[in-house]
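Asks: Quick one: the structure is below, and I'll ask about it shortly.
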Amino acid sequence: MKTGKLLHTRMRVNDIEKTVAFYTKALGLEVSRQSTSPRGARLVFLKTPGDGPEIELCQLPQGAEPVRVQPDLVHLAFEVPDLAAFAAQLKQNGFALSDGPVRTSSGSLIAFIDAPEGYEVELIQHP
């Protein structure tokens, strides 16, 4: 037996408003829905382009252990058609690349931008 498509991935955060602002303003993602879980966690789902999986942001109730993301533990990767143009748009919106661009052995250009909470986002321009 096999599973179906990936529906969403969860990222726990300390400041859900700051994180939602980053993903909507820097990357152009849209909030698809919000709710409170039975355990009292605030949940915000972000729609990714096309028919891709959603990103579920979760902020636990006050008093929960804070999130501490280890360096290089996890990142999200998004395809961009023109990395230079995307980086210029990021700069206009008050964001900056944290690493790159670098050309990979496959000919792709990659760069990173730091998201809140210590997460990273990889931007990939395929050849």
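The values are calculated or read from the model by the stated rules, or taken from the named source; none is laboratory data. All values reported here derive from a predicted model rather than from experimental measurement. Please note: Cβ atoms are built from the backbone with ideal geometry, for glycine as well, and neighbour counts cover all protein chains shown.
Asks: Would you check which residues across region 1-40 are aliphatic (A, V, I, L, M), surrounded by fewer than 17 Cβ atoms within 10 Å (Cβ to Cβ) and farther than 18 Å from Ile113 by Cβ and list them?
Replies: Residues satisfying the conditions are Met1, Leu6, Leu7, Val31.
Asks: Which of (1) outside the structural domain of Arg10 (by TED's automatic domain parsing); (2) without any contact (Cβ under 8 Å) to a residue 60 or more places away in the chain is the odd one out, the single condition Ile55 does not satisfy?
Replies: Among (1) outside the structural domain of Arg10 (by TED's automatic domain parsing); (2) without any contact (Cβ under 8 Å) to a residue 60 or more places away in the chain, the lone unmet condition for Ile55 is (1).
Asks: Being over 16 Å from the mean Cα position of the chain (by Cα) and more than 14 Å from Arg12 (Cα to Cα) narrows it down to one of Asp72, Asp82, so name that one.
Replies: When all the criteria are applied, what remains is Asp82.
Asks: Do we have any residue at all in region 31-51 that's acidic (Asp, Glu), at pLDDT 95 or above, more than 21 Å from Pro127 (Cβ to Cβ) and not assigned by TED's automatic domain parsing to the domain that holds Pro127?
Replies: Looking only at region 31-51, we keep the residues that are acidic (Asp, Glu), and these are 51.
Okay, now just the ones that are also at pLDDT 95 or above, so none.
Taking every residue of region 31-51 in turn, none turns out to be acidic (Asp, Glu), at pLDDT 95 or above, more than 21 Å from Pro127 (Cβ to Cβ) and not assigned by TED's automatic domain parsing to the domain that holds Pro127.
Asks: Of the residues that sit in region 68-90 and are touching a residue at least 24 places away in the same chain (Cβ under 8 Å) and in a helix (DSSP H, G or I), which one is surrounded by the most Cβ atoms within 10 Å (Cβ to Cβ)?
Replies: Phe86
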